[in-house]
Amino acid sequence: MSNINKVPAGAGAEWLLGAFALIRKAPLALGLLGVIWGMLSMLTAQVISLDVNLGLFMQFALALLAPILFGGMLWAASEVHEGRPALPGHLFRELREGRAMSLLATLLPQLAAVAVLGVLLIVMIGPSGLEQLKDVVLKLQETAQAGGQPDPELVRSLPVGRLFLWILTLFATAIVVSLVTFVAVPDIVFGGKSGFAAMRDSFLSCMRNLPAVLVFYLLLFVAFVAMNVGLLIVTLVLQLVAGPMVAMWVTNLLLMAVLMPLMAGAVFYAWRQMLGNSVTADTAAMPTHLEA
């Protein structure tokens, strides 16, 4: 097991500021990697409208590629941190480095969570309750599309208490999965660990530094809301100028161009501080929001 460094709660803010500073150092190069990832996602969504089976297969393949692509984003972030350029080839680097299986292992907690939550939903509300929930959702969608007001009796007919308990379980499970995988990918890419060892150390490091992780997620949420407000304005302008299809493509690609480098940079610095061998040196070398 690796030595887990204890960091202050304010370190969560440092991770996010360090990520923004990395983007400022190489906005086009890092943004291009996010755009490539975004284009793969958008093309997959478009294929579904032409061929459902092919589109679903492509979505499944892209989901499998996600930790590998994120490992490439992390490598690009480390290159920019060291003063070297981020290159498009970095995005698929981990396919050539023999770490694909370890990276794919980080998907297992998510798959296990989906399976457990699915079973719990069936147990808690039963097959008849699932059919009832499906009917209510369809009726609410039809009402929304028609521009009408939803009937409150539809919701009252559902087992609200059990659904609320299941939703709480969903949130708790999502939190646990996020802690298990938070710094697992960089621990595989830079630390050379197996997938399961990296996930174990990710969970332990997050639990030891829970205040910093919570601060990071809170600030990330604020940043995400701010980005979405800006993108909403861009979307409205583009819809007027170029139409809804162009607006959808441009805004989604812009979001990926910022969000993916931001996440990669923040997770890179979180790993360096919590699981790196020389936390003092790492912190001193971290760029700040004051740097150009």
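The values are calculated or read from the model by the stated rules, or taken from the named source; none is laboratory data. Note that this is a predicted model, so its numbers are computed, not measured. Glycine gets a Cβ as well: all are built from the backbone with ideal geometry, and neighbour counts include every protein chain shown.
Here are some notes:
- Some residue of segment 267-286 being under 30 Å from Asn3 (Cα atoms), at pLDDT 85 or above and not in a helix (DSSP H, G or I): no
- Residue list for segment 22-63, filter: at pLDDT 90 or above and outside any helix (DSSP H, G or I): Ala26
- Subset tally (residues that are closer than 16 Å to Pro109 by Cβ and either small (Gly, Ala, Ser) or out of contact with any Phe, Trp or Tyr (no Cβ under 9 Å at 6 or more places or on another chain) (or both)) for segment 203-223: 3
- Scanning segment 77-134 for residues that are basic (Lys, Arg) and surrounded by 12 or more Cβ atoms within 10 Å (Cβ to Cβ) yields Arg93, Arg99.
To keep it simple, each residue is scored yes or no on (1) in a helix (DSSP H, G or I); (2) over 20 Å from Asp187 (Cα atoms); (3) at pLDDT below 90.
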site	(1), (2), (3)
Asn3	no, no, yes
Pro8	no, yes, no
Trp15	yes, no, no
Leu65	yes, no, no
Arg84	no, yes, no
His90	yes, no, no
Leu103	yes, no, no
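- Condition check for Leu30: of a type in the set (A, V, I, L, M) and under 25 Å from Leu262 (Cα atoms): yes
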